[in-house]
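Quick one: this structure, given as structure tokens, is what I'll be asking you about.
The values are calculated or read from the model by the stated rules, or taken from the named source; none is laboratory data. What you see is a predicted model, and the numbers here were worked out from it, not measured in a lab. Reconstructed Cβ throughout: ideal geometry from the backbone, glycine too, with neighbour counts over all protein chains shown.
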Amino acid sequence: MAKRLAEITVDPKTVELPSERRQRPRFQAAAPLAAGLARYAVTMEMGPNKMAMEVATEVKEDAVAWLVTDTMKGPQVPRPDRTWLDRNSLAAKRRSIAQGPMSFELASRRARQRAR
């Protein structure tokens, strides 16, 4: 074990950082997003219990982004889930989720930095 430790031990003073920061590959959408509405039925099963629900997904153009709204209607309160996507990259910029008395507001790091 001591031999292996000696082999993998590195002096921190000799470590060099890369000269350039690597860029992450950009996401490319397979097809352009189109405004519209889709509705479909969902059945959740857990053992002998079944719960039927309806889901609607609406895509529309907002002033600065695409707004995708998923609304799930079931035995409980409808649950809207809204996501704002960048028009070019389709990267999520902001998200708003509501479920009963709770709601969540999320924003990407870039969106928060631009707001400052």
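Restricting to region 1-43, and then to whatever is small (Gly, Ala, Ser), at pLDDT below 90 and not in a loop (DSSP other than H, G, I, E, B), can you tell me which residue is surrounded by the most Cβ atoms within 10 Å (Cβ to Cβ)?
If we take residues in region 1-43 being small (Gly, Ala, Ser), at pLDDT below 90 and not in a loop (DSSP other than H, G, I, E, B), then 6 is surrounded by the most Cβ atoms within 10 Å (Cβ to Cβ).
Residue-wise test of (1) within 17 Å of the chain's Cα centre (by Cα); (2) aliphatic (A, V, I, L, M).
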residue: 29; (1), (2): yes, yes
residue: 49; (1), (2): no, no
residue: 59; (1), (2): yes, yes
residue: 73; (1), (2): no, no
residue: 87; (1), (2): yes, no
residue: 96; (1), (2): yes, no
residue: 99; (1), (2): no, no
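Which strands (runs of 3 or more DSSP E) does region 61-112 wholly contain that include 3 or more residues that are touching an Asp or Glu at 6+ places or on another chain (Cβ under 7 Å) and on the phi > 0 side of the Ramachandran plot?
Result: empty, no element qualifies.
Considering only region 88-114, state which residues are among the basic types (Lys, Arg) and at pLDDT below 85.
109, 110, 112, 114
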